[in-house]
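See structure below.
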Amino acid sequence: MNETQFKRMKDLPTTHLLGTGAPMCAGCGGLQAINDIYDVLGEKTVFINAAGCMTLLSIYPFTPFRGSWLYTAMASAPAGAQGVRDALDILLAKKKITPDENLTTVVLAGDGSTSGMGLSATSAAIDRNLDFIYICYDNEGYGNTGQQYSSATPHAARTSTSTGSAGFSGFKKDLFAIWAAHKPTYVATVIGAEPLDLARKIETAASLTGPRFIISLSPCPTGWGFDPQETTYIGKLAVKTGIWPLKEYKDGKVSHTKNPHVRVPVEDYLLTQARFKHLFEPKRNDKLIDEIQSKVDAYWAGITP
Amino acid sequence: MKTASRILGSAFFNEGYEVQDAPRYGAERRGAPIFAFVRADNKAIDERGVITHPDLVIVADDSLVTVPAAGVMQGLDEHAVLLINSHVSAETWQQRLNTKAQVLVLPIKDAMQNRAELPYVSAACVGAAARLLGMISQNALVRAIDEELSHLAADKINTNRTRAIEAFELMTTHENCIQQRPSVSALDYQQPEWVELPFEDARISAPTIHASLTSVEVKTGLWRTMRPVIEYDRCNHCWWICSSTCPHNVISVEDNSPVIDYDHCVGCLVCVAQCPPHAIKAISEAEAKQSAVEQAGETT
Amino acid sequence: MTRKLLTGNGAAAWAARLAQIDYVPAFPITPQTEIIETLSHWIDNGDMPGKLVTLESEHSMITAAGAAASTGVRTFTATSSQGLLYGMEMIYTVAGWRAPFVLINVSRALASPVTLEPDHNDVLAARDSGFLQIHCATCQEVLDATLIAYRLGEDERVRLPVIVNEDGFYLSFTREPVTLPNSDEVKDFLGEFDAQNMHFSASSPASQAVAVLGGSPYSYFRYECHLAAEKALVVYDEIRDEFEQRFGRKYDAVESYHTDDADYVFFMMGCFATKAKAAVDGLRAAGWKIGLLRPRLLRPYPAQAIRQLLTGKKGVAVIDQNLSMGKGGILHSELTSVLYGDKNAPSILISFIGGLGGRDISQEEFFEMAKQLKQATVEGITPAPRLLYTADELRQIHKLQAIAHVEREAYE
């Protein structure tokens, strides 16, 4: 592709496309990322939504989009994208619409539907080489219903269905690896707190065709338990601690776009959120903290800078 | 407010009343206006859902009172009492609102301005309500707080208790000012204006929005309890971190300067936390409104 | 116009081809698969334009169908039984999108126990979804009903998706002579797909199928669907007349067979109704005044027509090829609800359950049902509902249970 138009922070858009007035929680890290993503993708888009927090972006008669939107259900947003994409292609082929009426088809779904009931629809959309972009805002739980654990919940996190002293006993599902294993056109992790990295990746995704995947870690003040103003701070910490590696898969290769040379201890990240408070109070749980740290260390040990 | 409704419900229950309490869930998220209901009676309660004609309305955030969309004034008549948590006096509110309902004020704690007092507003409101109702003893009130807040740390429970008792005491002069409204008469009632729903074809009646950006009509600025204020002399015109990282898209850059859209800023304060030269400060909405009133006074 | 032997599935595929559908989201399931195989073959060999995409489930298939229709193309899809149920969330959902397309359901009984042959519990699970339903009794009707369904669903006064139902095996795999109309005639009848104001395009943004908050807007949108479904009765009759004019075949919303002078009426749906027709002929030969009513339209329900056709009749035997557990036959409930309070309605309605899982209904059983119906009207007593099940069948199941080591004696 051509050289990025986002060389430095100052190149980021200062007029924003997504309309105000969306009823998302104050400090929503998912909305933060979607704003930045929308700025790059632009208004010639149709968002196909799976049930989740972002379903409430459009509540009749209000929509924050300049372009279009279709709400489907929790499990089948990629199939909705298939129907819209195919129909647009048919209309283009029959010359019922002109090419400038064409839209980019974008799935918008949370981590719960993405890693759970929507996974087979996603996998199959890749099989069919569907030309679409899939955006997953990952707040690591079923946030819209009050943060029950999903298969994207990190180990040891407290959720409203993992309230025991060790938190969630499972491990965060590696969606990046699952998607990449399908060999789609593009997969990338992003975070709203790193808008330049995000903008470049969305720019790359937009320049390609075929199935393209973006997963955005989305700090969630209500679900994770922190003051809304900490959203960006926590997002940055997720990257600095190495908990959220920023990377992309392209042409069969995975590369890291930000490699924290000196990683901040995960403890600094865990301490910012009430969902990990039980690791420190009333008694420090070194075993679990060490386990989390060593998982992160093991991940980065395999990465050459 | 859900917590407030539960404490009040439990307090009634502890006094031997039949009770219903329920929050009203909407799509709005944390920070958005929320309301909750409590019903109490000596006999089993058959009515359900939204209270259309309340005996007592408690408003924890006075900025909502004058906003029609918040619906605070709905169903308020001469029978009702409106209790507002506010800096402004009851007399001023009574005048401003032009309502037949009796208006009372529970004075705001000063510490509200730094969010520290926010978690205790519920308990204070319930304490005041308990005294106004005259049906709930201080003991029953404290017991209800202990029950409903048992998941909190002991010091937090204590502060809740203290705030509730303070408010309970403050309302002494108005004790027992609320009377239960008679139930709707089947002999003399207002007939519902039913219509035949006209058939409208799908070009009109599909759940489709045929436009863009209609959400700007939703004034999410109402949610705000704290307001970010840009001190322009300190702004170093960076790469517009405030604008780029604002989750709610309310900071635009005009004439090489950031501008906050207060109609839609929900007051998350991410900008305050992120601004490199600390050029954005947070003030409470109450304070912001107060100074706006003062400024208006000076200019007139 | 040609006349050839076609299965019900073949007729359904031909209907899609003649309707010049643009798009087929598909998923295989017995006994429907032949439809999508046929269409796929035609499309792959350039016999017809269009695009067929196999999704990974019926849930996704129906989502894609609704999404494509919402974008503005003529869409066809088909399923059966468990597949319809797997997609049921989307059946209800896409109906509310007000995006018309046609779904052929090849009726097959539902698990458990899982089986292959038909009854109507699958399609009746979609009864309250907002999809209109046309039920067929012959392979010809499958073809014609599908064409009618496109006109009906796409009419701006209706704009709802339509299920055309054919019984598995008894229609789906059974060849009958079917008259194929000319492609141009069908083109004239259907016209081009008119997307009205449904679209996704750059110049006119639209947010479709958005959420609502609260019961009041919800009531409006849902009731408007209902009003549109009701409006479809009027529209159907207009289309029926035009179809008859163009193609010479007439499909009333309720088929009536020898009901004019009848005292007694069989009331049933689907292709087993042709067995009832044969029984009517047999009974009439024996001197009976008996007829048959068969609703083609189940949604909208042609209540007025049914009431009129049953005015002054002595008794009705409702034969339900379905079962609502803990209540009984669904058609029986539906019929009772529209006759109640009508002083000219028949006083006796007997409920029979028959044909579950494709179990045959013999001519003798029709005769016996007629006899019991007559007896009930004479006595003025409605007998209890009855499952059509013989002593021999019961003996057979006992034999099977013995092989399955069901220790009957131990529990008796």
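The values are calculated or read from the model by the stated rules, or taken from the named source; none is laboratory data. A quick note: this is a predicted structure, and the numbers were derived from the prediction, not measured. Cβ atoms come from the backbone with ideal geometry, glycine included; neighbour counts cover every protein chain shown. These accessible areas exclude ligands, DNA and RNA; they are computed on the full protein's heavy atoms, side chains included. Shrake-Rupley method; radii C 1.70, N 1.55, O 1.52, S 1.80 Å.
If I filter the range C:202-215 down to residues being among the hydroxyl-bearing types (Ser, Thr, Tyr) and modelled with pLDDT of 95 or more, which single residue comes out as most open to solvent (accessible area, probe 1.4 Å)?
Narrowing the range C:202-215 to residues among the hydroxyl-bearing types (Ser, Thr, Tyr): C:203-204, C:207.
Within this subset, residues satisfying the condition of being modelled with pLDDT of 95 or more are C:203, C:207.
Working: C:203: 82, C:207: 0 Å².
Checked the range C:202-215; the qualifying residue most open to solvent (accessible area, probe 1.4 Å) is C:203.
Can you list the helices (runs of 4 or more DSSP H) found entirely within the range B:181-300 that contain at least 2 residues being of a type in the set (Val, Ile, Thr)? Explain how you work it out, then say what you get.
Details: elements: B:202-205, B:241-245, B:270-274, B:285-299.
Fully inside the range B:181-300 and qualifying: B:241-245, B:270-274, B:285-299.
The residue that is nearest to residue B:15 (Cα to Cα), counting only those in the range B:138-147 that are touching a residue at least 40 places away in the same chain (Cβ under 8 Å) and either in contact with a Cys (Cβ under 6 Å, 6 or more places away or on another chain) or open to solvent by less than 50 Å² (accessible area, probe 1.4 Å) (or both), is B:140.
Rundown of residues vs (1) part of a loop (DSSP other than H, G, I, E, B); (2) basic (Lys, Arg); (3) modelled with pLDDT of 95 or more; (4) in contact with a strand residue (DSSP E or B) (Cβ under 8 Å, 6 or more places away or on another chain), yes/no style:
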position	(1), (2), (3), (4)
C:100	yes, no, yes, yes
C:103	no, no, yes, yes
C:106	no, no, yes, yes
C:111	yes, no, yes, no
C:128	yes, no, yes, no
C:133	no, no, yes, yes
C:137	yes, no, yes, yes
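Taking the residues in the range C:211-238 that are part of a loop (DSSP other than H, G, I, E, B) and in contact with a helix residue (DSSP H, G or I) (Cβ under 9 Å, 6 or more places away or on another chain) as candidates, determine which candidate is farthest from residue A:87 (Cα to Cα). So the residue we want is C:213. Could you tell me whether residue C:401 is outside the structural domain of residue C:314 (by TED's automatic domain parsing), open to solvent by less than 70 Å² (accessible area, probe 1.4 Å) and either at pLDDT 95 or above or of a type in the set (Asp, Glu) (or both)? Considered against the rule, which asks whether it is outside the structural domain of residue C:314 (by TED's automatic domain parsing), open to solvent by less than 70 Å² (accessible area, probe 1.4 Å) and either at pLDDT 95 or above or of a type in the set (Asp, Glu) (or both), residue C:401 comes out as yes.
Of all the listed residues (C:171, C:147, C:116, C:160), the sole one being open to solvent by 10 Å² or more (accessible area, probe 1.4 Å) and touching a helix residue (DSSP H, G or I) at 6+ places or on another chain (Cβ under 9 Å) is C:116.
Any idea which residue in the range B:255-282 is nearest to residue B:235 (Cα to Cα), counting only those that are at the interface with chain A (Cβ under 7 Å from one of its Cβ atoms) and open to solvent by 40 Å² or more (accessible area, probe 1.4 Å)? Checked the range B:255-282; the qualifying residue nearest to residue B:235 (Cα to Cα) is B:273.
Give the range C:170-210 a look and list any residue that's within 30 Å of residue C:356 (Cβ to Cβ) and assigned to a loop (DSSP other than H, G, I, E, B), or say none.
Let us first name the residues in the range C:170-210 that are within 30 Å of residue C:356 (Cβ to Cβ), namely C:170-178.
Listed by number, the residues that qualify are C:170, C:171, C:172, C:173, C:174, C:175.
Taken over the range B:220-245, the criterion of being within 11 Å of another protein chain (Cβ to nearest Cβ), under 24 Å from the mean Cα position of the chain (by Cα) and among the hydrophobic types (A, V, I, L, M, F, W, C) is satisfied by B:222, B:223, B:226. On the stretch given as the range C:81-95, residues that are in a helix (DSSP H, G or I) and facing chain A (nearest Cβ under 10 Å) total 5.
Among the listed residues C:327, C:277, which satisfies the condition of being assigned by TED's automatic domain parsing to the domain that holds residue C:382, touching a Phe, Trp or Tyr at 6+ places or on another chain (Cβ under 6 Å) and open to solvent by 10 Å² or more (accessible area, probe 1.4 Å)? Steps first, answer last, please.
Values: C:327 fails: touching a Phe, Trp or Tyr at 6+ places or on another chain (Cβ under 6 Å).
Sole residue among the options that is assigned by TED's automatic domain parsing to the domain that holds residue C:382, touching a Phe, Trp or Tyr at 6+ places or on another chain (Cβ under 6 Å) and open to solvent by 10 Å² or more (accessible area, probe 1.4 Å): C:277.
State all residues of the range B:227-243 that are open to solvent by 40 Å² or more (accessible area, probe 1.4 Å) and on the phi < 0 side of the Ramachandran plot; if no residue qualifies, say none. Working first, answer last.
Of all residues in the range B:227-243, those open to solvent by 40 Å² or more (accessible area, probe 1.4 Å) come to B:227, B:231-234, B:236-237, B:239.
Across the range B:227-243, the qualifying residues are B:227, B:231, B:232, B:233, B:234, B:236, B:239.
No other residue among C:218, C:236 is under 30 Å from residue A:43 (Cα atoms), of a type outside the set (A, V, I, L, M), surrounded by 14 or more Cβ atoms within 10 Å (Cβ to Cβ) and in the same structural domain as residue C:144 (by TED's automatic domain parsing) apart from C:218.
Quick check on this structure: which one of C:312, C:354 is touching a strand residue (DSSP E or B) at 6+ places or on another chain (Cβ under 9 Å), modelled with pLDDT of 95 or more and more than 28 Å from residue C:229 (Cβ to Cβ)? Walk me through how you get there before you give the answer.
Details: C:312 fails: touching a strand residue (DSSP E or B) at 6+ places or on another chain (Cβ under 9 Å).
After ruling out the rest, the residue left standing is C:354.
Applying the criterion of at least 1 residues that are facing another protein chain (nearest Cβ under 7 Å) and open to solvent by less than 10 Å² (accessible area, probe 1.4 Å) to the helices (runs of 4 or more DSSP H) found wholly in the range A:1-119 leaves A:29-41, A:77-93. Considering the range C:63-80, the residues that are within 10 Å of residue C:25 (Cα to Cα) and in a strand (DSSP E or B) include one that is farthest from the other protein chains (Cβ to nearest Cβ), namely C:78.
Among the residues of the range C:42-62, write down those that are of a type outside the set (D, E, K, R) and closer than 17 Å to residue C:19 by Cα. Explain how you work it out, then say what you get.
Step one: filter the range C:42-62 for residues of a type outside the set (D, E, K, R), giving C:42-43, C:45-46, C:48-50, C:52-55, C:57, C:59-62.
Correct list: C:42, C:43, C:46, C:48, C:49, C:50, C:52.
Screening C:82, C:133, C:140 for residues that are open to solvent by 10 Å² or more (accessible area, probe 1.4 Å) and within 15 Å of the chain's Cα centre (by Cα) leaves exactly one candidate, C:140. The one condition from (1) free of Cβ contacts under 8 Å to residues at least 40 places away in the same chain; (2) assigned to a loop (DSSP other than H, G, I, E, B); (3) in the same structural domain as residue C:71 (by TED's automatic domain parsing); (4) open to solvent by 30 Å² or more (accessible area, probe 1.4 Å) that residue C:260 does not meet is (3). Taken together, A:304, A:241 contain a single residue that is open to solvent by less than 10 Å² (accessible area, probe 1.4 Å) and out of contact with any Asp or Glu (no Cβ under 6 Å at 6 or more places or on another chain), which is A:241.
For the range A:286-305, the tally of residues that are not polar (S, T, N, Q) and not in a helix (DSSP H, G or I) stands at 3.
If the condition is being within 14 Å of chain A (Cβ to nearest Cβ), of a type in the set (S, T, N, Q) and surrounded by fewer than 16 Cβ atoms within 10 Å (Cβ to Cβ), then the range C:1-53 contributes no residue at all. Looking at (1) surrounded by fewer than 17 Cβ atoms within 10 Å (Cβ to Cβ); (2) within 30 Å of residue A:44 (Cβ to Cβ); (3) free of Cβ contacts under 8 Å to residues at least 12 places away in the same chain, which is the only condition residue B:190 fails? Tallying (1) surrounded by fewer than 17 Cβ atoms within 10 Å (Cβ to Cβ); (2) within 30 Å of residue A:44 (Cβ to Cβ); (3) free of Cβ contacts under 8 Å to residues at least 12 places away in the same chain, residue B:190 fails exactly one: (2).
Residue by residue, here is whether (1) within 22 Å of the chain's Cα centre (by Cα); (2) farther than 23 Å from residue C:309 by Cβ; (3) outside any loop (DSSP other than H, G, I, E, B); (4) of a type in the set (D, E, K, R) holds:
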site	(1), (2), (3), (4)
C:331	yes, no, yes, no
C:344	no, no, no, no
C:364	no, yes, yes, yes
C:368	no, yes, yes, yes
C:372	no, no, yes, no
C:389	no, yes, no, no
C:399	no, yes, yes, yes
C:402	no, yes, yes, no
C:406	no, yes, no, no
